[in-house]
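Some notes on the structure that comes next.
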Amino acid sequence: MSAFVLNPYKLNQNLINAIEDDDDKGDTYLKEVLDKKPPLDLNALGTNSWNTMPTTAIIMATNTGNVNKVRLLLETGRVKNINTADGFGRSPILVASNNEYYQIAKILLNYGADPTTRYGVMSKTPLDVAKTDKMRELLRKSSGLGLKKIKKLRKTNKRKTW
């Protein structure tokens, strides 16, 4: 039996609350939670108030659109794999790209997020879901893909819609 079935949600509830707290000016509550000993596992899965699928702290923070929260989590050095997907098959860079969080996408890319990996059941890359040229350009430059490769990828990504 898998560890997920036996203990599905290990992400600290105080951490989830701190990430979701919109009234936390200066992110002092998040800083306080991150400074507690022993250090919290930022790679554990958990659910939040609006999402029952398991997700990671960095994906939750990316979903908020709060640049400082994303930066604080990454600066701890405890996010082991920035490309880990959640229960929906979304990675932090895919979420940032889909929501047009340009500054967050930039930070994630600087910390090693991979803009070329396909995620989810639809097998989309962050470049596929980007809505603006500015975001596409950032992802393209970060991926090292040239224009010809991008056009070829777009052709191969066309799928029938039912």
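Here are a few things to note about the model shown:
- In region 60-87, the residues that are in contact with a Phe, Trp or Tyr (Cβ under 9 Å, 6 or more places away or on another chain), within 13 Å of residue 101 (Cα to Cα) and of a type in the set (A, V, I, L, M): 67, 70
- Single unsatisfied condition, residue 139 versus (1) assigned to a helix (DSSP H, G or I); (2) surrounded by fewer than 21 Cβ atoms within 10 Å (Cβ to Cβ); (3) modelled with pLDDT of 90 or more: (2)
- Region 100-124 residues that are modelled with pLDDT of 90 or more, paired with ones that are part of a strand (DSSP E or B) and surrounded by fewer than 15 Cβ atoms within 10 Å (Cβ to Cβ) (beta carbon under 8 Å, 6 or more apart): none
- 3 or more residues in contact with a helix residue (DSSP H, G or I) (Cβ under 7 Å, 6 or more places away or on another chain), of a type outside the set (Lys, Arg) and more than 19 Å from residue 115 (Cβ to Cβ): qualifying helices (runs of 4 or more DSSP H) within region 32-102: 57-64, 67-75
- Qualifying positions in region 1-52 - small (Gly, Ala, Ser), over 18 Å from the mean Cα position of the chain (by Cα) and either surrounded by 18 or more Cβ atoms within 10 Å (Cβ to Cβ) or at pLDDT below 70 (or both): 2, 3
- Taken over region 73-113, residues that are closer than 16 Å to residue 31 by Cα and surrounded by fewer than 18 Cβ atoms within 10 Å (Cβ to Cβ) amount to 4.
The values are calculated or read from the model by the stated rules, or taken from the named source; none is laboratory data. Everything numeric in this text was worked out from a predicted model, so none of it was measured. No Cβ is skipped: glycine too gets one built from the backbone with ideal geometry, and neighbour counts run over all protein chains shown.
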